[in-house]
Amino acid sequence: MMMNLNALKIDPEFQGKIPPLTFEELNQLEANILRDGRIINPIIVWEGLIVDGHNRFTIAKKHPEIPFTTHEKAFANRYEAIIWICKNQLGRRNLTPEQKKYLIGKQYEAEKCANGGDRKSPAAKSGYGKRNLIGAPKTCYKVAAESGVGRTYVIEAEHYAKGLDAAEEAVPGTRQKVLSGEVKPTAAEIASVARAPPEDRPALVAEICKPKPPKPPTQKLKTPPAVAAPLPNASTSEEECTDEELVHTPAPQEQTFPQRVNEPLKIDRQQILEIANSRYVPKRLADGTAMLCEVSGAANSMMRRWESVFREYPDILSDAENRASVGRTIQKLRDYLKNLEDKMEELL
């Protein structure tokens, strides 16, 4: 279908989902169109808004004599249009890891809205339209399966996308710099922008987008043969040994022998045997007492990891569905600990 160029409009939100072409790629696309004398692929539109073909549209405006066609898509709402844009780009482009993560995050965000909107909104809390709500976990698994990634990746991608949009709002142009690889902040740094107060975001974006100094080359050092550490003895308590602590055995002092200048070092057989024997520690079999640190270390590790997750992702506890899932996990732990206590009482 032919349309007047002036009838086509660029929607900034739609265009923001399209990974930008490099300068060389855009020039090559323009050269191909001029060589063919026409724009072969149609510009995809929805109610006059371009959903695919922004670069072709730019070239068409630059060369109005070049013929082009359009194809009208039907979407129920803007969320469906965004979902289609993200899937379309994920399916046909060679994307950088940053571009892929951003698109998956935006698709998941739009899928949740299309499946019932924000569950924390007044309308959702009041029960209006609740019958049309689809659980966020189901949507998450759906997006993960379509994209060939894990559920955790999808959740991280949503935080990344929100952070990148917040960075773009604070400092226009940041999104393109990040997605094109011009600047390389980490995913965690980008996600932190959305959690920062709006007045602090411009300074935070400037800081995380600073060029990072190159890492100094690591030199391989020759290390002496590892000496096995003795197992903890029966007096070792669980408080004295955690999963982050290492047991070190003091290195035996090297024996030195008086020697004159330019005189060969002389060591008899007995001295060599004494030095060799001092480097070894007799081994013994582990018993339950020696492994108490493993039990304590596992518990400490779980508590630290949980606290880290709750601190970085507070919606796990504030969102009703996430909170219910955490509750089920806690109940599973309670059941296990209760069974363990019963076994201990039976042995008394």
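Descriptive notes on the structure:
- Restricting attention to region 64-80, the residues being aliphatic (A, V, I, L, M) and surrounded by 13 or more Cβ atoms within 10 Å (Cβ to Cβ) number 1.
- Any hit, region 97-111, residues being among the hydrophobic types (A, V, I, L, M, F, W, C) and either at pLDDT below 90 or not assigned by TED's automatic domain parsing to the domain that holds Thr186 (or both): no
- Selected residue [modelled with pLDDT of 75 or more and in contact with a His (Cβ under 9 Å, 6 or more places away or on another chain)] from Ala229, Ala191, Ala196: Ala191
The values are calculated or read from the model by the stated rules, or taken from the named source; none is laboratory data. Owing to the predicted nature of the structure, the values given are computational and were not obtained by experimental measurement. Here Cβ is always computed from backbone atoms with ideal geometry, including for glycine, and neighbour counts include all displayed protein chains.
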